[in-house]
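So the structure is just underneath, and the comments pick up after that.
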Amino acid sequence: MSRYGMVIDTKKCVGCTDCVIACETENNVPYGFSRSWVNQIAIGKFPDTKVEILSERCNHCSNPPCVHVCPTGASYVNELGIVLVDHDKCIGCKACVEACPYGARYIHPDGYADKCTFCNHRVEKGEDPACVAVCPTHSMYFGDLDDPNSEVSKLLNSREHHTILPEIGTEPKIFYLK
Ligand code: SF4
Ligand code: SF4
């Protein structure tokens, strides 16, 4: 089993939101909902503060509460470590929406839970997720975290990085290079 994840270089990201628009287009995200978003956070203490721009989406957690709470098995982890929803099994109970600490899920107007899939349909063809492919500053990287020769592994081995809410034990697979 592989363990696919994403590495985002916050020094390269300019917050243009091209990744968000690419995601909406690629995945026919319904109007009024989002599978991804761009956040800005202030880090440090005044006067030594700076703004960090974070392109966010489902973290495809290694310990995913959304999967643990799903009563039907609709939410699951595939062989690449990607957290997905089987629309046919989903009853729209919202347990996963409530359980996700990152606000990454919503109920699609057609009645099933929806969120980022890491563009699994593209990954299966050997392509990068749409957000990674479109980023004009090439700040996003996607690959197998368990492969020591992958670009994502090399970046994590060579650069300082962090995840979002590491203290809650979800083990996010999106890493932000500082
Ligand atoms: S970010 Fe939320 S929806 Fe995604 S795997 Fe983690 S808990 Fe589940
Ligand atoms: S909304 Fe669907 S995927 Fe989410 S917990 Fe309920 S049945 Fe599972």
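The values are calculated or read from the model by the stated rules, or taken from the named source; none is laboratory data. Bear in mind that the values here come from a model prediction, so they are computed numbers and not experimental data. A quick note on method: Cβ atoms are made from the backbone with ideal geometry, for glycine too, and the neighbour counts reach across all protein chains shown. For the accessible areas, the whole protein counts, side chains as well, though only heavy atoms, and no ligand, DNA or RNA atoms are used. Shrake-Rupley method; radii C 1.70, N 1.55, O 1.52, S 1.80 Å.
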*If you take the residues of region 56-90 that are of a type in the set (Gly, Ala, Ser) and within 14 Å of ligand 2 (Cβ to nearest atom), which of them is surrounded by the most Cβ atoms within 10 Å (Cβ to Cβ)?*
75
*Would you say residue 178 is in contact with a His (Cβ under 8 Å, 6 or more places away or on another chain), in contact (Cβ under 8 Å) with a residue 24 or more places away in the chain and open to solvent by 40 Å² or more (accessible area, probe 1.4 Å)?*
yes
_Qualifying positions in region 85-108 - of a type in the set (Asp, Glu) and either near ligand 1 (Cβ under 9 Å from one of its atoms) or outside any helix (DSSP H, G or I) (or both)_ = 86, 88
*So which residues in region 22-36 are open to solvent by 60 Å² or more (accessible area, probe 1.4 Å) and either in a strand (DSSP E or B) or of a type in the set (A, V, I, L, M, F, W, C) (or both)?*
33
*Show the residue pairs that are 6+ apart or on different chains and have beta-carbon atoms under 9 Å apart, the first residue being within region 78-99 and closer than 16 Å to residue 120 by Cβ, the second being part of a helix (DSSP H, G or I) and more than 8 Å from ligand 2 (Cβ to nearest atom).*
78/120; 80/120; 80/123; 82/120; 82/123; 83/67; 84/120
_What's the total number of residues in region 37-55 that are among the hydroxyl-bearing types (Ser, Thr, Tyr) and either within 14 Å of ligand 1 (Cβ to nearest atom) or crowded, with 18+ Cβ neighbours inside 10 Å (or both)?_
1
*Would region 109-121 turn up any residue that is in a strand (DSSP E or B) and touching a His at 6+ places or on another chain (Cβ under 7 Å)?*
yes
*Identify, please: which residue in region 100-114 is within 10 Å of ligand 2 (Cβ to nearest atom) and open to solvent by 30 Å² or more (accessible area, probe 1.4 Å) and is, among those, nearest to the chain's Cα centre (by Cα)?*
107
